[in-house]
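So the structure is just underneath, and the comments pick up after that.
The values are calculated or read from the model by the stated rules, or taken from the named source; none is laboratory data. This one's a predicted model, so the numbers in the text were calculated from it and none came from an experiment. So basically every Cβ, Gly included, is an ideal-geometry build from the backbone, and we count neighbours across all protein chains shown. These area figures cover heavy atoms from the full protein model, side chains too; ligands, DNA and RNA do not enter into them. Shrake-Rupley method; radii C 1.70, N 1.55, O 1.52, S 1.80 Å.
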Amino acid sequence: MNPVVSASRPLKHYVWGEGCDGWNLVDGPELSVKQERMPPHTAEAEHFHRASRQFFFILSGVAVFETAEGRVEVLAQQGLEIPPGLRHRIKNESEVDLVFILCSQPSTINDRIEIK
């Protein structure tokens, strides 16, 4: 049986970007589930995934997504799907932490292409 996991008891904790935190909740080649936290006024680099489909579900705060299709704000208790191949990045333009769940199928390991 798999262990019960949470941000306080993850499979693994990691730091990314500009002081952002992540917690692996499911970490397999076919499925990745993470909880992530972005401090105020942080953003990730624009990128895309060749094969991974992602779903972001916002727990608290407001996420701003910039994609090749335009800009969209996603509020707490809302979600957004990002299909493979779509250029995107997530930003926290607010004054409070942004916390969300990120599901990727398959895992994004070796599947992230940075836009220079």
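The combined condition, being of a type in the set (S, T, N, Q) and in contact (Cβ under 8 Å) with a residue 60 or more places away in the chain, is not fulfilled by residue 8.
Taken together, the residues in the stretch 1-31 that are closer than 16 Å to residue 52 by Cβ and in a loop (DSSP other than H, G, I, E, B) amount to 4.
For residue 27, indicate whether it is out of contact with any strand residue (DSSP E or B) (no Cβ under 6 Å at 6 or more places or on another chain) and surrounded by 15 or more Cβ atoms within 10 Å (Cβ to Cβ). Yes, satisfied. Of all residues in the stretch 44-75, those that are farther than 15 Å from residue 102 by Cα and open to solvent by 10 Å² or more (accessible area, probe 1.4 Å) total 12.
With respect to (1) of a type outside the set (D, E, K, R); (2) over 21 Å from residue 112 (Cα atoms); (3) touching a strand residue (DSSP E or B) at 6+ places or on another chain (Cβ under 6 Å), the lone exception for residue 14 is condition (2). Here the stretch 92-111 is the region considered, the condition is being more than 10 Å from the chain's Cα centre (by Cα) and closer than 17 Å to residue 19 by Cβ, and the residue that is most open to solvent (accessible area, probe 1.4 Å) is 95.
Considering 35, 77, 105, the condition of being at positive phi, at pLDDT 95 or above and touching a Phe, Trp or Tyr at 6+ places or on another chain (Cβ under 9 Å) is satisfied by 77 alone.
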